[in-house]
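Peer 1: Below is a structure I'd like to ask you about.
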Amino acid sequence: MNEKEPACPFALEGTKNLAVAGDSGDRLSPSFKPEVLAQAIRDGVALLTWRMDTFSYAESFDEAAGRYRGLQGGQRVNVSADSPGLLVKPDVASKQLDATIEIEAKLPNGASDQLVRTVTENCRTLRFQSHGFEKE
């Protein structure tokens with residue numbers, strides 16, 4: 001083993017076993033370019049289809065809280081060749097990133113047809129699982 005070969009600085013999370021190239025003496029090819037990997041990570045995390053096609057990125061994992069810190073998907077991330085972050089599988093990241101949004105608005109004259117149509121179209125575009133209006 002050539003001691004000058006670079007170790008991979010990134011880890012893949014989302015399984016019981018943390019897979020980190022370099023932790024157990026594993027070495028990568030001498031032609032390995034850490035900046036190329038960092039760019040691939042930035043591109044993969046930035047995809048809007050990351051939940052189906054790639055992965056998310058976290059700065060670290062908080063064992064006590066059982067949560068990823070700085071977890072991001074579907075947006076640009078600042079990752080460099082020496083970043084100590086984690087790549088997180090989409091199904092694992094989605095459990096932490098999924099959110100429920102409830103919006104309450106009081107409309108004294110009620111909601112116009114145009115407002116209902118606009119809100120409904122936006123909810124469909126954003127792929128909300130449910131949406132609607134209630135009467136008081």
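The values are calculated or read from the model by the stated rules, or taken from the named source; none is laboratory data. These numbers come from a predicted model, not from an experiment. Here the Cβ is made from the backbone with ideal geometry for all residues, glycine too, and neighbour counts use every protein chain on show.
Peer 1: Hey, can you tell me all the residues within segment 46-89 that are under 20 Å from Leu126 (Cβ atoms) and in contact with a Lys or Arg (Cβ under 9 Å, 6 or more places away or on another chain)?
Peer 2: Ala46, Ser56, Gly73, Gly74, Arg76
Peer 1: Count, please, the residues in segment 77-136 that happen to be of a type in the set (Lys, Arg), outside any helix (DSSP H, G or I) and modelled with pLDDT of 85 or more.
Peer 2: Selection size over segment 77-136: 2.
Peer 1: Which one is surrounded by the most Cβ atoms within 10 Å (Cβ to Cβ), of the residues in segment 58-83 that are touching a residue at least 24 places away in the same chain (Cβ under 8 Å) and within 17 Å of Asp98 (Cβ to Cβ)?
Peer 2: Residue satisfying both the conditions and the ranking: Ala58.
Peer 1: Next question. Sort out which residues of segment 122-134 are of a type outside the set (Gly, Ala, Ser) and either farther than 16 Å from Ala105 by Cβ or touching a Gly at 6+ places or on another chain (Cβ under 8 Å) (or both), and write them in order of number.
Peer 2: Arg124, Thr125, Leu126, Arg127, Gln129
Peer 1: Let me ask something else. Mind counting the residues in segment 43-76 that are in a strand (DSSP E or B) and not hydrophobic (A, V, I, L, M, F, W, C)?
Peer 2: Total satisfying the criteria: 8.
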